[in-house]
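This report concerns only the one structure given below.
Read the figures in this text as sums done on the coordinates, not as results from a lab. Given the structure is predicted, the values throughout are model-derived calculations rather than measurements. Here the Cβ positions follow ideal geometry from the backbone for every residue, glycine too, while neighbour counts run over all protein chains shown.
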Ligand SMILES: [Zn+2]
């Protein structure tokens, strides 16, 4: 898989420092599952965290703290050791990256879509209440053009299948569009196959006006 | 001046080597090696949690969670993927997400599992973990104060990017660009040594 569009460095650092809410974390991790380049880059951003930890001043731990750790290890059940799951995709024959497969199952074909506009289907993925951004998937018909639009907030779109094209280039499987709130674009899905993507979007300010309301179904692509 | 700086670097170099050797012994269930790792990193993890807003009792409890995980996952520590401090930072970060942010760190666990199975170390990663950590430390020293401040607020104080912006009375875009600049300097340091 040749990936041309990667995560912004500022997003990688939010990942490394632990500052992504659930929706953004699932999309970033799904890209990392598909992209060696960004996995290596994320590791560098984590090394910065390691060095900051190394240089942090020490705060004394309580007396008996180490013994408490050993005691917990000695009394714990042995069966809860973490078993790594070996594959970037959920399971054999899956076309969904592992962090997403945990939410929707292993196959894009099995998703229960809801039509929200002609040629546009959506599937919302539930997130915890303390995670304000929205997480959803979009299915957009081949050749479908989306009117020029901006976004209510930062938005992260991972292409899972098919492709679209806008002023930033062609986005195909594995590519990520890491857009901040100021970007406007006019994507058009390539001919031949629908484009399926995974989107995290900061909760937009309420849309005003009839034109914006008509565009609302297209937020996310 | 130059002489004492060299001496400090050598001492740090030895320390970092020691922790890699200690982790190898922790894998063999060596409790005294584990105690030495705890004595160094335990108070640093506690400091991290206090800065992140945990009260002292909770910070203490999280330190214990982190080292329970360090013992259990010791076999997954791979020196070619970074220094011991980096690995412990990622464990502490994940537990901070679970316990302080009350979100799930499962996606991080998924990526770590994929790395363990899939990733061949690249040229940069084959550089010794110790050498890499020293380059990262060098990049941090050279960082302008305004960039250092932003990354400390993000990594150590666990402040959301938007909150860093409002606390420093800066536009969000400025916070992001300072983070990007800090990262670019780190990347340059690591890449020029291959
Ligand atoms: Zn990438």
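Quick notes on this structure:
- Volume per residue of the C-alpha convex hull in segment B:123-193, rounded to whole Å³: 88 Å³
- As an equivalent ellipsoid, segment A:144-199 spans semi-axes of 18, 13, 9 angstrom, where each value is the square root of five times an eigenvalue of the C-alpha gyration tensor, largest first.
- Sequence-distant contacts, meaning Cα pairs under 8 Å at least 6 residues apart, place the relative contact order of chain B at 20 percent.
- Computed on the Cα trace of segment B:12-105, the radius of gyration divided by the Kirkwood hydrodynamic radius gives Rg/Rh = 0.97.
- All Cα pairs of segment B:12-59, percent lying beyond 18 Å: 42 percent
- Calculated mean residue ellipticity, 222 nm, chain B: -25500 deg cm²/dmol, from DSSP H runs (n ≥ 4) at -39500 (n - 2.57) each, averaged per residue and rounded to 500.
- Residue mean of other protein chain beta carbons inside 10 Å, B:100-106: 5
- Per residue of peptide A:61-67, the mean number of Cβ atoms on other chains within 10 Å of the residue Cβ is 5.
- Whole-angstrom gap from segment B:50-99 to segment A:46-71, using each part's C-alpha centre: 8 Å
- The alpha-carbon positions of chain B define a convex hull whose volume is 144 Å³ per residue.
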